[in-house]
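Quick notes on the structure that follows.
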């Protein structure tokens with residue numbers, strides 16, 4: 001019997017789709033591919049959707065891009081989210097994406113009380129990317145990305161474990177610090193953690 005292929009969804013939550021974030025994503029993806037893992041990618045910046053659901057009392061159909069994102073999330077066994085942090089928080093479009101996808105009566109309109117079980121058996125990693133000033137803010141504010149995404153969204157939908165990595169002072173990809181992180185992300189992708 002053949003072992004089931006492991007499946008990874010990489011979510012690029014960098015609204016600017018910067019070269020730095022792309023390099024970090026590519027390191028993780030290259031590791032996953034070397035580990036014979038099927039990979040799909042989703043860039044939130046490319047999605048067309050209203051981050052604020054209107055008319056909450058009325059069941060409205062989700063946008064096509066959100067339906068596709070949900071199908072990709074259901075397909076994945078592991079989710080890697082690459083998310084720059086701006087001044088102690090995540091971008092409003094990113095927050096809107098998670099609200100629309102994971103919150104009750106948003107995309108998963110259901111009368112089933114077991115909504116939280118939709119993602120049982122999945123794991124995730126959040127990679128927070130900070131520049132030097134954001135690193136200082138992050139240390140003072142105690143992990144806002146983790147609180148916003150890990151505890152309030154992913155773990156409430158039974159995505160566990162959720163591993164976290166914070167990459168600070170990332171002002172160049174050519175220094176030793178950055179090279180160590182690229183190698184580390186390759187290793188995480190290879191092990192699918």
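The values are calculated or read from the model by the stated rules, or taken from the named source; none is laboratory data. None of the values given here were measured: they were computed from a predicted structure. Every residue, glycine among them, receives a Cβ derived from its backbone with ideal geometry; neighbour counts consider all protein chains shown.
Per the conditions (1) surrounded by fewer than 14 Cβ atoms within 10 Å (Cβ to Cβ); (2) assigned to a helix (DSSP H, G or I); (3) modelled with pLDDT of 80 or more, the sole criterion not satisfied by residue 133 is (3). Restricting region 42-53 to residues that are surrounded by 15 or more Cβ atoms within 10 Å (Cβ to Cβ) and touching a helix residue (DSSP H, G or I) at 6+ places or on another chain (Cβ under 7 Å), the residue that is modelled with the lowest pLDDT is 53. Count of region 136-154 residues, restricted to those that are at pLDDT 80 or above and either crowded, with 16+ Cβ neighbours inside 10 Å or in contact with a strand residue (DSSP E or B) (Cβ under 6 Å, 6 or more places away or on another chain) (or both), is 4.
Every residue, every condition in (1) modelled with pLDDT under 90; (2) on the phi > 0 side of the Ramachandran plot, yes or no:
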residue	(1), (2)
17	no, yes
40	no, no
55	yes, yes
71	no, no
80	no, no
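Filtering 165, 128 for residues that are crowded, with 16+ Cβ neighbours inside 10 Å, modelled with pLDDT of 85 or more and either assigned to a helix (DSSP H, G or I) or out of contact with any helix residue (DSSP H, G or I) (no Cβ under 6 Å at 6 or more places or on another chain) (or both) leaves a single hit, 165.
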